[in-house]
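Each remark here refers to the structure printed beneath this line.
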Amino acid sequence: MMKNITLCIVLFFFSFCNAQKWQPIYYIDYSYADRHLLRGGFEFIVMNDNHQNKLFLGTGYGIVNYNGKLHGIPDLHLSYNLGTVLFIKAGSSLYHAYSLAGISMLNTCDIGIGYSKSFNNSNVQIQGFTAGITFRLTNKENVYGRLKIGF
């Protein structure tokens, strides 16, 4: 049931992007919270203001090794980047919810720490303090921050 709902959400995002002619931002994310988790997918800019603050909405898919088996994990997250130096991120999958905060390097790379909490009835336990890094790849002009040197 949850896999069908997740598939419908992902299909909705793809159809929405085609209708809006939005170009996706590709991301790859690695995090560690008592086990290694590798994710990849698409992000879209939901909000972009004059001070280079951006709100990214991301959807993707990841893999984690739990009890000697690889498990697939759909991912949905929001990342709010304050200027080009700080970020706050919150996300969820079928198995856990997580939040991170840290530094952003011109919105190309986010490095942060936070906490992950497993859902009570989940088959895969991903819980504890979390460290993560995210890389964004796109040729879209307004994604990356501008480096200002001098006055």
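The values are calculated or read from the model by the stated rules, or taken from the named source; none is laboratory data. This structure is a prediction, so every number in the text was calculated from the model and none was measured. A quick note on method: Cβ atoms are made from the backbone with ideal geometry, for glycine too, and the neighbour counts reach across all protein chains shown. Just the protein is used for accessible areas: all its heavy atoms, side chains included, with ligands, DNA and RNA removed. Shrake-Rupley method; radii C 1.70, N 1.55, O 1.52, S 1.80 Å.
Quick notes on this structure:
- Estimated inter-spin distance, ASN142 and LEU57, nm [label 7 Å along Cα→Cβ]: 1.6
- Separation between Cα centres of the stretch 49-86 and the stretch 97-133, rounded to whole Å: 9
- Sorted peptide list for 60-70, 96-106, criterion being average Cβ within 10 angstrom, highest first: 96-106, 60-70
- Nearest-10 value in Å² for the accessible area of HIS36, using the 1.4 Å probe: 110
- Under 5 Å from the amide H of TYR66 lie the amide H atoms of HIS71, each residue being 5 or more positions distant or on a separate chain, with H modelled from the backbone and absent for Pro and chain starts.
- Once backbone amide H atoms are built at 1.01 Å from N, SER122 has no partners under 5 Å, excluding neighbours fewer than 5 places away on the same chain.
- Heavy-atom accessible area ranking, 1.4 Å probe, most first, across VAL143, VAL85: VAL85, VAL143
- Taking a point 7 Å out from the Cα of ASP34 in the direction of its Cβ, the residues of the stretch 85-106 whose backbone N falls within less than 16 Å of it are 95-99.
- Taking all Cα pairs closer than 8 Å and separated by 6 or more residues, the relative contact order of the stretch 19-151 comes to 22 percent.
- Protein-only accessible surface order, largest first, of THR134, THR108 at 1.4 Å: THR108, THR134
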